[in-house]
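Q: To start, I am sharing the structure in question, which I have written as structure tokens.
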Amino acid sequence: MGGISLAIQLEKAGIPYQVFERASEMKFLVAKECTAMDMYNEQQFEFRLDVSPVFEMGGDRCYIISRPVFHGLLMQGILKDKIFMNKKVLSMSQDRQGVRIECADKSTYDGDILVGADGAYSAVRQALYSGLKEENKLPASDEMPLPFTTTCIVGQTEPLDPTEFPELLQSLSRLCNIKGDNKPYSWMTGATADNRICWVVIEYLERKSSKENASYRSSEWGQEAAESMCKLVYDFPITLRPEGSKMTMGHLLDKTPKHLISKVMLEEKVFDTWYSGRTVLLGDGICSQSSC
Ligand SMILES: Cc1cc2nc3c(=O)[nH]c(=O)nc-3n(C[C@H](O)[C@H](O)[C@H](O)COP(=O)(O)OP(=O)(O)OC[C@H]3O[C@@H](n4cnc5c(N)ncnc54)[C@H](O)[C@@H]3O)c2cc1C
């Protein structure tokens, strides 16, 4: 998101640039206006968070849009020959003359400025920090791993039949957020313009963890872990229309293809060092946080 947004600005300003993306293709799919977030506990509606003032504050309305659709919209703003797919950046080096990246396919590219917009596990940040560490210029806080206190499973259903899910007949989308009764979970649903329902179930952990933490087990991630969390949350009630419909998360899980379900750690950290020499970091590469 960050990298393509920057590329659009550079395109408009007439500044030369190239984007190196490790994925081999982008997937495209449309937004539904959202004016409210309805908050519930497991028994009843609590309050409505009106998000319509966002228009006055930011000049545009709020939309529920799935990530691939948003990506597709951004991609329309940059020229295809500027983005290089299947280019996993492994390392970078820089000096007074320029900056060079090396990719997994052994190709190298030279430029004047490198922007690391490569997400929470930014390879550019890691390369930048290892150079700074050698020079004793890296603050201790930037050496600490990314911590997380919440994990989630997140997914989107296949396109649904609006007669079965009347929530989809509404012209506006609303986010429904449900706070679990006496359990460390909350969950949220929202309808998209292509008749899908996006959902997320968040688990609040007892203590802070990290990938480097002794209590971290890689077996807790991936397909099987996502499936076992799906079983756990299957009977959690949801609040889709019509009112009193008695639907549960299971109704959505049964309509969600497995490959559209992920278990994710919601890491939160703001790094102190965000540039050095000819390299600058952007987006989750410098500040990862959960917005759920
Ligand atoms: C479950 C979940 C729900 C979220 N919900 C919301 C939400 O509702 N609203 C919101 O605003 N934000 C949300 N976020 C946060 C949002 O997704 C991120 O803040 C945002 O995607 C960060 O954008 P970015 O461009 O910095 O990084 P990313 O979107 O992570 O992009 C990084 C890109 O770099 C590529 N890449 C990674 N490593 C390399 C490499 N070595 N070489 C080349 N390319 C590489 C990746 O393939 C990717 O395309 C959510 C995050 C999660 C996990």
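Q: Please arrange CYS230, CYS62 by accessible surface area, largest first, computed with a 1.4 Å probe and ligands excluded.
A: Largest accessible area first, the residues go CYS62, CYS230.
Q: Mind checking the dipole of the chain: about its Cα centre, +1 per Lys or Arg Cβ, -1 per Asp or Glu Cβ, Debye to the nearest 20?
A: That gives the chain a dipole magnitude of about 420 debye.
Q: Rounded to the nearest 10 Å², what accessible area does ARG196 show when all protein chains are kept and the probe is 1.4 Å?
A: Spelled out: ARG196, probe radius 1.4 Å, area about 40 Å².
Q: For region 54-116, max minus min Cα coordinate along each principal axis, in Å, sorted largest first?
A: Principal axes ranked by extent give 46, 26, 20 Å for the Cα atoms.
Q: Among LEU169, VAL200, GLY180, whose Cα projects farthest towards the positive end of the dipole of region 147-267, with charges put on the beta-carbon of Lys, Arg (+1) and Asp, Glu (-1)?
A: GLY180
Q: Quantify, in whole percent, the carbon and sulfur part of the accessible surface of the chain (1.4 Å probe; protein heavy atoms only).
A: The C+S portion of the solvent-accessible surface of the chain is 52 percent.
Q: With a probe of 1.4 Å, find how much accessible area region 56-173 has per residue, and write the answer as a whole number in Å².
A: 60
Q: Once the piece of chain linking GLN170 and ALA225 is laid out straight, how much longer is it, given 0.36 nm per residue of separation minus the C-alpha distance between them?
A: Length difference between fully extended and current span is 16.4 nm.
Q: Counting only Cα atoms, I'd like the Rg/Rh figure for region 1-156, Kirkwood definition for Rh.
A: We get a ratio of 1.05 for region 1-156.
Q: Sum up the charges of everything whose Cβ sits under 12 Å from the Cβ of ALA193, counting Lys and Arg as +1 and Asp and Glu as -1, but leave ALA193 out.
A: 0
Q: Right, something else. Put +1 on the Cβ of each Lys and Arg and -1 on the Cβ of each Asp and Glu in region 32-88; which of MET37, PRO68, LEU79 then has its Cα farthest toward the positive end of the dipole?
A: Value computed over the given set: LEU79.
Q: Shifting gears a bit: Leaving ligands, DNA and RNA out of it, rank CYS287, CYS34 by accessible area with a 1.4 Å probe, largest first.
A: Numbers: CYS287 35, CYS34 10 Å².
Descending order: CYS287, CYS34.
Q: Can you tally the lysine pairs in region 228-292 where the Cα-Cα distance is under 27 Å and the two residues are eight or more apart, or on different chains?
A: The number of close lysine pairs in region 228-292 is 8.
Q: In debye to the nearest 20, how big a dipole does region 147-267 give about its Cα centre with +1 on each Lys and Arg Cβ and -1 on each Asp and Glu Cβ?
A: About 280 debye.
Q: For MET249, what accessible area in Å² do you get when you roll a 1.4 Å probe over the heavy atoms of the protein chains, rounding to the nearest 10?
A: Solvent-accessible area, nearest 10 Å²: 0 Å².
Q: Using packing as a proxy for protection, rank 42-49, 274-281 so that the peptide with the highest average count of other Cβ atoms within 10 Å comes first.
A: 274-281, 42-49
Q: Which order do ARG61, ARG96 take by accessible area at a 1.4 Å probe, largest first?
A: Correct descending sequence by accessible area is ARG96, ARG61.
Q: Within region 93-188, report the chymotrypsin sites (Phe, Trp or Tyr not before Pro) that DSSP leaves as loop and that have at most 14 other Cβ atoms within 10 Å. Each step should come with its number before you reach the end.
A: Numbers: sites: TYR109, TYR121, TYR129, PHE148, TYR185, TRP187; in loops: TYR121.
Answer in residue order: TYR121.
Q: Also, I was wondering about something else. Over all distinct alpha-carbon pairs, what is the Kirkwood Rh of the chain in angstrom?
A: Working: mean 1/r = 0.0467 Å⁻¹.
Averaging 1/r across every pair of different Cα atoms and inverting gives 21.4 Å.
Q: Still on this model: With all protein chains present, calculate the accessible area of GLU135 using a 1.4 Å probe and round the result to the nearest 10 Å².
A: Ignoring ligands and nucleic acids, GLU135 comes out at about 110 Å².
The values are calculated or read from the model by the stated rules, or taken from the named source; none is laboratory data. Remember, it's a predicted structure, so these values are computed and weren't measured experimentally. We place every Cβ from the backbone using ideal geometry, glycine too, and count neighbours over all the protein chains shown. These accessible areas exclude ligands, DNA and RNA; they are computed on the full protein's heavy atoms, side chains included. Shrake-Rupley method; radii C 1.70, N 1.55, O 1.52, S 1.80 Å.
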